[in-house]
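To start, the structure under review is shown below, and the notes come after it.
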Amino acid sequence: MSTFARLRLAMVASLVVATLLIAGCAHQAGAEARNDSQTETWSGRISLQVQSEPVQAFFAGFELSGNPDQGELVLNSPLGTSLAVLRWSPGQAVLDSGGQVQRFDSVDALIEKATGAALPLPALFDWLAGKNTALAGWNADLSQHAEGRISASRTAPQPRADLRIVLAK
């Protein structure tokens, strides 16, 4: 894989992780339960600033549907073009980024490969439901949950990351 392809994958994976983390902090008003597996949908805008050297900043629109066991995350540029689509179900996760498809055994494996750390997806969906479930190394602020504005900061592991989300109304 070329250096450019690795950089693009890292950027897309960062947006995927950021979207899952921040979208996990709020529940969009009017989200619908579609079946017994509690499938819901959220959308909005997300930003991530990573205090690395140099500082990295990412911005995207997102649409997230599903639950910890099965779902889909679509990331869009500010102009509305698709940046990446992540789909997961038991036993597999697929990342489609600009026609480049990568397959993983699970969404946890995809996140761990992209970030170097496993993240508890069930806790993220708890946040979507408005439950302030603790996540090691992260401080989620649900104080503006009702207004669809969320922020979270990762303090460990380093580097620090600041996430913001505004849900679509």
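Coordinate-derived values only; no laboratory data. Predicted, not measured: the structure shown is a model, and the values here were computed from it. Quick reminder, even Gly has a Cβ in these numbers, built from the backbone with ideal geometry, and neighbours come from all protein chains shown.
Based on the Cβ-Cβ distance of Thr155 and Leu79, what FRET efficiency does E = 1/(1 + (r/R0)^6) give at R0 = 30 Å, to the nearest 0.05? The pair Thr155/Leu79 has a calculated efficiency of 0.35. Along region 152-169 the Karplus relation, 6.51 cos²θ - 1.76 cosθ + 1.60 evaluated at θ = phi - 60°, assigns HN-Hα couplings of 8, 10, 9, 9, 8, x, 6, x, 4, 10, 10, 10, 9, 9, 10, 7, 5, 9 Hz to successive residues, with x for each Gly and Pro.
Please label the shape of region 60-108 as rounded, prolate or oblate, based on the square roots a ≥ b ≥ c of the eigenvalues of the alpha-carbon gyration tensor (a/c under 1.5 means rounded; beyond that, a/b larger than b/c means prolate, else oblate). Here region 60-108 falls in the oblate category.
Computed 3J(HN,Hα) for region 76-86, one whole-Hz value per residue from the Karplus formula 6.51 cos²θ - 1.76 cosθ + 1.60 where θ = phi - 60°, is 10, 6, x, 8, x, 7, 6, 8, 6, 10, 10, glycine and proline marked x.
Extension gain for Phe59 to Leu142 (0.36 nm times residue separation, less C-alpha to C-alpha distance): 27.8 nm. Close amide-amide hydrogen proximity is noted between Thr133 and Trp127, each under 5 Å apart and 5 or more residues distant or on a separate chain (H modeled in the peptide plane; Pro and chain starts excluded).
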